[in-house]
Amino acid sequence: MGACLGACSLLSCASCLCGSAPCILCSCCPSTRNSTVSRLLFTGFLFLGVLVSIIMLSPGVESQLYKLPWVCEDRAQQPVVLQGPLDCGSLLGFRAVYRMCFATAAFFFLFMMLMICVRSSRDPRAAIQNGFWFFKFLILVGITVGAFYIPDGSFPKIWFYFGVVGSFLFILIQLILFIDFAHSWNQRWLCKAEECDSPVWYAGLFFFTFLFYLLSIAAVALMFVYYTESGACHEGKVFIGLNLTFCVCVSIIAVLPKVQSAQPNSGLLQASVVTLYTMFVTWSALSNVPDQKCNPHLPTKNGTGQVNLEDYSTVWWDAPSIVGLVIFILCTFFISLRSSDHRQVNSLMQTEECPAEMVQQQQVAVGDGRTYDNEQDGVTYSYSFFHFCLVLASLHVMMTLTNWYSPGETRKMISTWTSVWVKICASWAGLFLYLWTLVAPLLLPNRDFS
């Protein structure tokens with residue numbers, strides 16, 4: 001009898017895995033919208049790939065992967081003699097991460113192409129988006145297995161540049177999400193202050209604005225101390241100085257009377273968030289400078305000018321990588337869980353606000369204790385663009401986990417100026433994007449930017 005009940009339970013779970021998204025989480029999230037659950041499950045697939053990549057960077061797993069043909073061998077199947085401070089095991093870990101992230105990027109790219117122009121859940125492809133999760137998992141596993149048998153050759157070098165471009169775009173998406181979050185935060189606390197007629201909300205806004213600027217100033221000071229030297233590191237000094245100047249400029253512009261009249265919700269809170277994020281990107285860029293005098297993350301040289309291998313150990317997890325991974329996780333959850341309060345951001349991110357009839361339907365669903373399909377009349381987010389964001393997220397986390405090391409320029413798995421310039425240019429593009437949000441209502445007065 002117990003065996004029969006167990007078999008029935010397994011069959012129920014199997015049917016749920018082959019069904020829609022709400023069926024899987026019906027017992028945990030009975031009132032969750034179908035669109036939200038689907039995005040969370042796809043994000044779970046991405047995080048599963050990230051977890052596998054992290055495991056593959058651990059020394060114990062690296063030692064088990066030597067059986068694969070591309071480990072420490074060239075095309076002539078001869079052992080590779082490394083000329084840098086990284087051992088073969090570390091090189092293996094980097095190769096494994098590249099292949100795992102290639103698999104997740106290919107998986108989401110496949111769905112990005114498949115879901116182009118899906119308008120509502122009545123489209124047959126919507127059933128694929130919101131269901132058949134067991135088969136999706138099998139597809140991801142199959143792509144992953146195949147990726148580990150890609151010949152080494154020029155694959156790492158080519159995929160590195162794919163990662164650079166994708167990570168550049170994802171950094172901009174992160175900044176857009178931070179700006180939108182700061183705008184919503186500022187607007188809601190100001191509304192609370194007006195409704196409650198209490199200065200506590202104003203004090204809270206002032207406190208966090210002051211805190212973010214204080215952290216930014218501390219970051220600038222620490223970068224000058226640890227990433228520059230007197231008479232050297234001129235590039236780092238220029239990068240820090242320029243970004244500090246740009247942040248001061250956008251902060252001043254954010255509180256100009258004309259900008260305030262055109263953008264009543266603009267203020268120093270948003271500017272402080274942008275400033276702090278810009279300082280983080282600058283810090284991350286300086287941690288990739290391939291000059292041992294200007295980068296404390298690189299091994300030091302001994303008296304002969306050579307790398308001191310005895311004092312150096314391969315470290316994939318430095319402070320910028322850990323902070324970057326945390327920001328990546330938060331932004332990915334942000335993409336999956338909510339739409340923006342601002343129409344312009346929703347238009348840019350291809351999402352929509354929940355209409356009033358959907359809210360009423362949600363309230364009925366909560367009362368009935370069931371899930372519901374909220375996309376019969378139209379999708380609440382672009383399926384294709386969502387998967388495109390996950391493709392960029394896969395590339396960005398690949399670069400983050402490998403510290404932006406370039407495998408093609410040298411056998412030394414160290415950072416290059418390519419990584420530095422990509423991050424610095426991303427910070428400049430982000431600052432320009434924020435500046436545009438401030439001045440666009442003044443330059444285009446006939447358009448609605450509310």
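The values are calculated or read from the model by the stated rules, or taken from the named source; none is laboratory data. What you see is a predicted model; the values in this text were computed from it and never measured. Here the Cβ positions follow ideal geometry from the backbone for every residue, glycine too, while neighbour counts run over all protein chains shown. To get the accessible areas, we keep the full protein, side chains included, count just its heavy atoms, and leave off ligands, DNA and RNA. Shrake-Rupley method; radii C 1.70, N 1.55, O 1.52, S 1.80 Å.
Tallying residues that are part of a helix (DSSP H, G or I), more than 30 Å from Gly430 (Cβ to Cβ) and open to solvent by less than 60 Å² (accessible area, probe 1.4 Å) within the stretch 184-199 yields 0.
Taking the stretch 145-165 as the range and being assigned to a helix (DSSP H, G or I) and open to solvent by 20 Å² or more (accessible area, probe 1.4 Å) as the test, the residues that pass are Val145, Gly146, Phe155, Lys157, Ile158, Trp159, Tyr161, Phe162, Val165. Of all residues in the stretch 233-271 being surrounded by 20 or more Cβ atoms within 10 Å (Cβ to Cβ) and touching a Cys at 6+ places or on another chain (Cβ under 9 Å), which is farthest from Phe207 (Cα to Cα)? Looking at the filtered set, the residue picked out is Cys233.
Looking across Leu177, Leu190, Leu114, Leu214, one residue alone is closer than 19 Å to Leu269 by Cα and within 24 Å of the chain's Cα centre (by Cα). It is Leu177. Residues in the stretch 229-271 that are of a type outside the set (A, V, I, L, M, F, W, C), outside any helix (DSSP H, G or I) and farther than 21 Å from Glu194 by Cα: Glu229, Ser230, Gly231. Please give the helices (runs of 4 or more DSSP H) falling wholly within the stretch 27-138 in which 2 or more residues are modelled with pLDDT of 90 or more and out of contact with any Lys or Arg (no Cβ under 7 Å at 6 or more places or on another chain). Here the list reads 34-56, 88-114. A residue that is more than 27 Å from Leu325 (Cα to Cα), assigned to a helix (DSSP H, G or I), open to solvent by 50 Å² or more (accessible area, probe 1.4 Å) and aromatic (Phe, Trp, Tyr) cannot be found anywhere in the stretch 166-183. Only residues that are modelled with pLDDT under 80 and surrounded by fewer than 18 Cβ atoms within 10 Å (Cβ to Cβ) were counted across the stretch 278-298, and they come to 3. Scanning the stretch 380-404 for residues that are closer than 20 Å to Ala126 by Cβ, assigned to a helix (DSSP H, G or I) and not aliphatic (A, V, I, L, M) turns up Tyr383, Ser384, Phe385, Phe386, His387, Phe388, Cys389.
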